[in-house]
Amino acid sequence: DRGKTAYHYLKGRELSDETIVKFGLGYSDKYSNNLYQYLRSKGYNDTELKETGLFTFDEVRGVNDKFWNRVMFPIMDANNRVIAFGGRVMGDGKPKYLNSPETKVFDKSRNLYGLNIARTSRKDYLLICEGYMDVISLHQAGFNNAVAALGTSFTSGHASLIKRYAKEVVLTFDSDGAGIKAALRAIPILREAGLSIKVLSMKPYKDPDEFIKALGAEAFQERIDNASNSFMYEIGVIEKKYDRSDPESSTEFEREVARKLTGFSQKLERDNYLNAVCRKFNIQMDGMRELVASYGNQSGILERKDERPRVSMQQTAKKKRDSGVRQAEKILLTWMIDDGEIFKKVKEYIEPSDFIDPLLRDVADKLYSQFDEGYVNPASIINTYATDEEHNEVAALFSADLNDDLNKNEREKALNDTVIKVKSNSLEHALNNTSDGHQMQELLMQQMKLKNIYIHI
């Protein structure tokens with residue numbers, strides 16, 4: 001009886017009893033310590049309960065439940081284990097939606113709401129939504145491949161997780177300004193993970209829940225079938241910033257498009273998108289081709305065959321070596337990001353200053369600081385990089401997959417080879433940049449000790 005208000009709310013959202021049971025939806029009572037008293041009666045102590053993130057401990061007010069007078073949404077991992085909760089307040093309380101804080105078992109950036117069901121879908125793509133109700137409404141309408149991020153911006157961790165289950169995603173974010181920003185933010189992260197991306201238009205409706213209630217599942221499937229290519233969607237959003245009837249504004253639009261087209265490193269792909277953009281947005285093709293070539297050459301992305309500089313064999317060898325070391329630094333960061341225990345062991349030998357590449361050293365600085373504070377938040381690191389190039393490269397570090405096909409001994413050897421390569425290069429770099437005899441002696445001693453490095457995993 002005490003749950004009737006919440007039950008009527010869910011029925012008012014047109015959810016069936018079957019759907020309510022399928023997603024384990026429920027209610028937390030108006031009394032603000034019900035859960036605490038219940039779990040204490042089951043023998044759990046305060047130390048254990050603090051770790052759940054479900055309670056607030058206050059010296060004056062005592063212990064209270066985080067969730068009370070809310071419709072409850074259990075959050076499950078891909079293996080159907082409850083790892084956290086979300087709650088929607090009944091009435092006008094704030095915040096309207098509340099999630100469990102991150103804990104040892106709940107990392108917002110590496111879990112997706114609804115994935116426990118969506119991963120068994122027979123469809124070869126996932127629908128990405130913004131909230132619980134959109135996911136639940138879509139599943140009820142037969143789209144059991146819908147998932148949503150959990151109260152956080154879309155991250156490379158999410159993209160990496162999706163890559164395990166699908167090759168393509170369709171973004172079904174809200175059609176308002178916030179939804180457009182969320183889509184533009186997610187596209188490069190998903191693209192970096194190697195996923196094919198489309199963006200669905202729900203206009204004139206705000207979200208999937210509204211759309212399906214108004215037009216039904218069949219119309220929604222038609223929108224999926226006609227979803228925009230993500231790059232063309234991005235260009236469409238850019239166009240809205242300009243007045244195409246004004247020659248100066250139109251020229252600025254075309255310049256911005258040209259700069260964006262230089263992001264395609266392969267000529268065939270770049271030309272295909274250039275042709276498609278020019279046709280759809282009524283741009284002169286020859287002029288656009290010339291602009292793209294101009295911007296590409298300025299940034300060193302594109303080269304004309306007759307303008308390639310002559311490179312000596314010595315320069316080529318150095319470039320290959322530098323490239324190999326940078327790759328080792330990237331791989332080592334991914335090892336450390338992926339496994340906290342490995343991080344603890346690696347930090348005994350490697351410091352942020354051992355990363356020679358400026359960008360990777362900066363990432364290492366932030367990563368070490370977060371580990372010292374107790375947990376890693378990939379999104380907060382990725383979001384500190386403003387340029388698309390840096391942002392995408394850093395996002396890739398957090399979404400890269402280490403080779404799980406290796407056995408334990410092979411993984412151990414690969415890790416140690418990488419650590420030694422990074423440390424060896426760091427010492428060599430320091431030797432080449434010092435004239436202090438005492439410091440040189442110290443660095444040479446460290447070089448001799450490299451053979452003593454061995455990390456067990």
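Worth a mention:
- In the range 7-34, the residues that are surrounded by 15 or more Cβ atoms within 10 Å (Cβ to Cβ), touching a residue at least 24 places away in the same chain (Cβ under 8 Å) and over 33 Å from the mean Cα position of the chain (by Cα): Asp29, Ser32, Asn33, Asn34
- Criterion applied to Leu190, Leu195, Leu200 was being under 22 Å from Lys280 (Cα atoms) and either of a type in the set (Val, Ile, Thr) or open to solvent by less than 30 Å² (accessible area, probe 1.4 Å) (or both), and the one residue passing it is Leu200.
- Considering residues of the range 165-175 that are of a type outside the set (A, V, I, L, M) and touching an Asp or Glu at 6+ places or on another chain (Cβ under 9 Å) only, the residue most open to solvent (accessible area, probe 1.4 Å): Lys167
- Taken as a whole, the condition of being open to solvent by 60 Å² or more (accessible area, probe 1.4 Å), modelled with pLDDT of 90 or more and closer than 29 Å to Leu397 by Cα does not apply to Lys213.
Yes/no per residue for (1) in a helix (DSSP H, G or I); (2) within 28 Å of Ala146 (Cβ to Cβ); (3) not polar (S, T, N, Q):
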{"position": "Tyr205", "(1), (2), (3)": "no, yes, yes"}
{"position": "Arg223", "(1), (2), (3)": "yes, yes, yes"}
{"position": "Met232", "(1), (2), (3)": "yes, yes, yes"}
{"position": "Val237", "(1), (2), (3)": "yes, yes, yes"}
{"position": "Asp243", "(1), (2), (3)": "no, no, yes"}
{"position": "Ala258", "(1), (2), (3)": "yes, no, yes"}
{"position": "Leu274", "(1), (2), (3)": "yes, no, yes"}
{"position": "Met288", "(1), (2), (3)": "yes, no, yes"}
{"position": "Ser294", "(1), (2), (3)": "yes, no, no"}
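- The sole residue among Ser201, Ser175 that is in a loop (DSSP other than H, G, I, E, B), without any contact (Cβ under 8 Å) to a residue 60 or more places away in the chain and closer than 13 Å to Leu127 by Cα is Ser201.
- Pairs linking a residue in the range 220-232 that is touching a residue at least 12 places away in the same chain (Cβ under 8 Å) to a residue that is open to solvent by 20 Å² or more (accessible area, probe 1.4 Å) and aromatic (Phe, Trp, Tyr), with Cβ atoms under 9 Å and 6 or more positions apart or on different chains, are Ile224/Tyr125; Ala227/Tyr233; Asn229/Tyr273; Phe231/Phe264; Phe231/Tyr273; Met232/Tyr273.
- Residue within the range 301-315 that is open to solvent by less than 90 Å² (accessible area, probe 1.4 Å) and either modelled with pLDDT of 75 or more or part of a helix (DSSP H, G or I) (or both) present: no
- On inspection, Tyr97 qualifies as aromatic (Phe, Trp, Tyr) and within 20 Å of Tyr132 (Cβ to Cβ).
- Verdict on Val105 being open to solvent by less than 30 Å² (accessible area, probe 1.4 Å) and of a type in the set (Val, Ile, Thr): no
- Any chance Ser109 is in contact with a Ser or Thr (Cβ under 6 Å, 6 or more places away or on another chain) and closer than 23 Å to His139 by Cα: yes
- Subset tally (residues that are farther than 18 Å from Ile356 by Cα, part of a helix (DSSP H, G or I) and open to solvent by less than 30 Å² (accessible area, probe 1.4 Å)) for the range 417-457: 0
- Counting only helices (runs of 4 or more DSSP H) wholly contained in the range 1-120, the ones carrying 3 or more residues that are over 30 Å from Pro378 (Cβ atoms) and out of contact with any strand residue (DSSP E or B) (no Cβ under 7 Å at 6 or more places or on another chain) occupy 4-12, 17-22, 34-41.
- Residue count for the range 329-387, restricted to those that are out of contact with any His (no Cβ under 8 Å at 6 or more places or on another chain), open to solvent by less than 40 Å² (accessible area, probe 1.4 Å) and either in contact (Cβ under 8 Å) with a residue 40 or more places away in the chain or closer than 13 Å to Leu415 by Cβ (or both): 15
- With respect to the conditions (1) in contact (Cβ under 8 Å) with a residue 40 or more places away in the chain; (2) not in a loop (DSSP other than H, G, I, E, B), Phe143 lacks only one, and its number is (2).
- Considering the conditions (1) under 19 Å from Glu222 (Cβ atoms); (2) in contact with an Asp or Glu (Cβ under 9 Å, 6 or more places away or on another chain), Glu130 is excluded by exactly one of them, (1).
- Candidates Thr56, Thr52, filtered to the one that is open to solvent by less than 70 Å² (accessible area, probe 1.4 Å), over 25 Å from Pro208 (Cβ atoms) and without any contact (Cβ under 8 Å) to a residue 12 or more places away in the chain: Thr56
- Any hit, the range 110-131, residues being open to solvent by 50 Å² or more (accessible area, probe 1.4 Å), closer than 30 Å to Leu49 by Cβ and without any contact (Cβ under 8 Å) to a residue 60 or more places away in the chain: yes
- Qualifying positions in the range 73-87 - within 13 Å of Ser28 (Cα to Cα) and either aromatic (Phe, Trp, Tyr) or open to solvent by 40 Å² or more (accessible area, probe 1.4 Å) (or both): Phe73, Phe85
The values are calculated or read from the model by the stated rules, or taken from the named source; none is laboratory data. Owing to the predicted nature of the structure, the values given are computational and were not obtained by experimental measurement. As a convention, Cβ positions derive from the backbone with ideal geometry for all residues, glycine included, and neighbour counts pool all protein chains shown. Heads up: the accessible areas ignore ligands, DNA and RNA and are worked out on the full protein's heavy atoms, side chains in. Shrake-Rupley method; radii C 1.70, N 1.55, O 1.52, S 1.80 Å.
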